[in-house]
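Note sheet for the following structure.
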Amino acid sequence: MAGGRGGIPRILPAPWERASEKAGLDSAPRRRFPSRVTAKEPLQVVCALLERDGRVLAARRPGAKSQGGKWEFPGGKLHAGELPRDALVREIAEELRVVIRVGDALAPSTHDYGGFAITLIPFRCTIASGEPDPVEHEALAWCTPDELAALDWAAADMPIVASYLSAHGGKSAVP
C-alpha cells in the first residue's frame, strides 16, 4: 500500500489490473478472486427430495464427473423457458426412470464452485409410478434423516440437507 491523502492508505491495484488499464481492456483475468471469475448468472438447477416411508432418496455422483463420489439430490438443469416443476419431472424421468408428484418448494441455495455457480431449487416429491433406477448415478440410497446427515454431500446440496433436517426437527415429516 502507498500513502494516500490524510494518512488514509491507498490500495494499489494488482499487477493484472494495472496491465488491463494500460491496455485499455475492460476486464482481465481475475484468478485471485473466484467470486469474480464470471459475471454470468448462476445456473438454475432443480432437485427432488424424494420421500418414501420416512426416508429420502440420495444419489451418488459418478466418479468421473465433477464432484464425483459425492451425494446429491437427483435433478438437473432447467432448459430455456422451462418451469422448475416441469424441469424436475423431466429430469427425474431421465435420471431415475420414474414418474413423480412434485410437492412443496423448499428454499433455494446458491453455491459458487469458483468457475461457475449454481442455484439449486429443491422440491419435496413422491414417486407416482416406477422404482428408481440409477441411470446417471453410481448408487441410490433411501436414507433416514440421521443417515442423510452422515453422507458426504456435494457442496451445493449441503444447505438443502441442513434446511430439510432443520424444518423437520431432524426427522422426516413423511409418515
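Would you check which residues across the range 54-97 are β-branched (Val, Ile, Thr) and in contact with a Ser or Thr (Cβ under 7 Å, 6 or more places away or on another chain) and list them?
56
Checking the condition assigned by TED's automatic domain parsing to the domain that holds residue 163 and more than 15 Å from residue 159 (Cβ to Cβ), which residue from 88, 120, 106 passes? Before you say what the answer is, go through the steps one by one.
Details: 120 fails: more than 15 Å from residue 159 (Cβ to Cβ); 106 fails: more than 15 Å from residue 159 (Cβ to Cβ).
Just a single option satisfies the conditions, and that option is 88.
Scan the range 70-86 and tell me whether some residue there is more than 22 Å from residue 168 (Cα to Cα) and in contact (Cβ under 8 Å) with a residue 60 or more places away in the chain.
yes
What tally of residues in the range 52-75 results from selecting those that are on the phi > 0 side of the Ramachandran plot and part of a strand (DSSP E or B)? Give the derivation first.
Our first condition is that a residue be on the phi > 0 side of the Ramachandran plot; within the range 52-75, this holds for 53-54, 67, 69, 75.
If we keep only those that are part of a strand (DSSP E or B) as well, we get 75.
So the answer is 1.
Within the range 76-115, take every residue that is under 18 Å from residue 160 (Cα atoms) and of a type in the set (Asp, Glu) and give me the one that is modelled with the highest pLDDT.
104
Restricting to the range 78-104, what's the tally of residues that are exposed (fewer than 14 other Cβ atoms within 10 Å of the Cβ) and touching a strand residue (DSSP E or B) at 6+ places or on another chain (Cβ under 6 Å)?
3
The values are calculated or read from the model by the stated rules, or taken from the named source; none is laboratory data. Just so it is clear, the structure is predicted and the values come from calculations on it, not from any experiment. Because the Cβ atoms are built from the backbone with ideal geometry, glycine has one as well, and the counts that use them run over all protein chains shown.
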